[in-house]
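Where a number appears in this text, it was derived from the coordinates with a stated rule and is not lab data. Just so you know, these numbers come straight off a predicted model, no measurement behind them. Neighbour counts are summed over all protein chains in view; Cβ atoms, including those assigned to glycine, are modelled from backbone coordinates with ideal geometry.
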């Protein structure tokens, strides 16, 4: 059963973390702190692996499914998406920190 935005908003934290599946390996993990994290579970070379995609609501349902599809494409090619550098910035200030250091040194 696929998740909906309404179902995501209704998720509440419990004493222990729990998962709610979406489709094709995509799921959310609801942590006791109340954080909701998108993860993608897949098999590569007979091993189960998982990839953290981001936090809800910063990463929407639609975008999480797009990231899952990109990761699934890499798995189909026999590559681990967890070993690849993500095409999205890892932090909001990652590129600005790099460029400010380069500018300061010149």
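Return a yes/no flag: does the range 41-49 have any residue that is under 23 Å from residue 7 (Cα atoms) and either assigned to a strand (DSSP E or B) or in contact with a helix residue (DSSP H, G or I) (Cβ under 8 Å, 6 or more places away or on another chain) (or both).
For the range 41-49, residues under 23 Å from residue 7 (Cα atoms) and either assigned to a strand (DSSP E or B) or in contact with a helix residue (DSSP H, G or I) (Cβ under 8 Å, 6 or more places away or on another chain) (or both): present.
Residue by residue through the range 9-39, note down the ones that are assigned to a strand (DSSP E or B), surrounded by 13 or more Cβ atoms within 10 Å (Cβ to Cβ) and under 15 Å from the mean Cα position of the chain (by Cα).
Passing the criteria: 20, 21, 26, 27, 28, 29, 30, 36, 37, 38, 39.
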